[in-house]
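Novice: Take a look at the following structure, please.
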C-alpha cells in the first residue's frame, strides 16, 4: 500500500539486472587494466563545456526544488544530454560515453550545494542524506528555518565553505584511488557477480528492514534484465517511480489549497507556472517524437 521503495527498485534494475545480464553472456565483457592519463586535458573540458554548464544548471535548479533530489537531476541531465548528442555519440550512451558520464555526475554534484538551501532555510530535505544532515543539526540545537541566519549568523557560509573544501579533498582522494579500484573491477565476472548479488539483497533490505523490499528488488531485477534484452532504456522507469509519488502528493496539496474556490483541475493548471510547465512538457514530447522520426 506504500508503493515501491525507489532504492529497492534501483538496486534491482541496475544491480541484480546487471548481474543477470552479465551471467547470461557467453563471453562476459572485460575491463582493461590499462590506465591512461587520469587528469582530463583542458581540450576535453572545453569540448564538453556546454554539456557541463547545462548539467550543472539542471542540478542547481532541481536541487533548489524542495523535495527533489540528486537522483532526479542525474537522470534528467543524462536524458537531455542523450537527446542533444550527435547520432554517432548517442550510440555510445550506456557503454562509457563521456557525455553521459559528465552529464550525470555534474548534475549529481551540483544538486548537493543547491539542496542545502531548502534544507537549511525551509526545513525540507531533498534526500535521505539531507534529512540525516538536518537531524545532526537538530542534535546540536540548531533549528533550521527562515530565521537560521539570524539565530546562527555565519553558519550558512561556514557549511558552504566546508562543502567546497570537502569536494577538493574528494577530488584528490578519487585520483589516488582510481588505479587500486580498477583492480577490483578487472576481476573475472564469474567471481565478481556472485559477490555483488548478496550486496544487492543487503542494500534493498537495509533501508526499511522489511522483507518485501527484497521481493521488490528481485522482481525489478528480472524486469531490468528483460528491458536490457529488449533494448528499452531504464532511466524513464526510474524517473517515473521517483516522481510519481511527488506528483500525486503535490496534486493533492494543490486541490486542498483550491478547495472552497470552486476551481477545477483546468483552473489549477492554467496558472502561469502551470501553463509554462505544460508548454515545456508538450515541447519535450514533440522534440522527442520529431527527433526520433527524423533519425528513422
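Novice: Could you tell me whether residue 233 is at pLDDT below 80, under 27 Å from residue 24 (Cα atoms) and under 17 Å from the mean Cα position of the chain (by Cα)?
Specialist: yes
Novice: Looking at 204, 162, which one is modelled with pLDDT of 85 or more and surrounded by fewer than 11 Cβ atoms within 10 Å (Cβ to Cβ)?
Specialist: Selected residue: 162, the only one of 204, 162 that is modelled with pLDDT of 85 or more and surrounded by fewer than 11 Cβ atoms within 10 Å (Cβ to Cβ).
Novice: Hey, another quick one. What number of residues within the range 53-76 satisfy the criterion of being over 16 Å from residue 245 (Cα atoms), modelled with pLDDT under 85 and surrounded by fewer than 18 Cβ atoms within 10 Å (Cβ to Cβ)?
Specialist: Total satisfying the criteria: 1.
Novice: Name the residue, out of 168, 239, 182, that is assigned to a helix (DSSP H, G or I) and under 25 Å from residue 79 (Cβ atoms).
Specialist: Working: 168 fails: under 25 Å from residue 79 (Cβ atoms); 182 fails: under 25 Å from residue 79 (Cβ atoms).
Going through 168, 239, 182 in turn, just one is assigned to a helix (DSSP H, G or I) and under 25 Å from residue 79 (Cβ atoms): 239.
Novice: For residue 43, state whether it is in a helix (DSSP H, G or I) and at pLDDT below 85.
Specialist: Yes.
Novice: Kindly provide the set of residues from the range 122-142 that are over 20 Å from residue 64 (Cα atoms), out of contact with any helix residue (DSSP H, G or I) (no Cβ under 8 Å at 6 or more places or on another chain) and outside any helix (DSSP H, G or I), ordered by number.
Specialist: 140, 141
Novice: Restricting attention to the range 217-234, report how many residues are farther than 11 Å from residue 16 by Cα and in a helix (DSSP H, G or I).
Specialist: 5
Novice: If a residue has to be surrounded by fewer than 12 Cβ atoms within 10 Å (Cβ to Cβ), over 25 Å from the mean Cα position of the chain (by Cα) and either under 21 Å from residue 182 (Cα atoms) or at pLDDT 75 or above (or both) to count, how many in the range 1-30 make the cut?
Specialist: The number of residues fulfilling the criteria is 5.
Novice: Further, regarding this structure: Inspect the range 143-151 for any residue being surrounded by 10 or more Cβ atoms within 10 Å (Cβ to Cβ), touching a helix residue (DSSP H, G or I) at 6+ places or on another chain (Cβ under 7 Å) and part of a helix (DSSP H, G or I) and give the result as yes or no.
Specialist: yes
Novice: Would you point out the residue of the range 189-201, among those that are in contact (Cβ under 8 Å) with a residue 40 or more places away in the chain and surrounded by 14 or more Cβ atoms within 10 Å (Cβ to Cβ), that is nearest to residue 131 (Cα to Cα)?
Specialist: If we take residues in the range 189-201 being in contact (Cβ under 8 Å) with a residue 40 or more places away in the chain and surrounded by 14 or more Cβ atoms within 10 Å (Cβ to Cβ), then 200 is nearest to residue 131 (Cα to Cα).
The values are calculated or read from the model by the stated rules, or taken from the named source; none is laboratory data. From a predicted model like this one, the values you see are computed outputs, not experimental measurements. Using ideal geometry, Cβ is built from the backbone for each residue, glycine included, and neighbour counts are taken over all protein chains shown.
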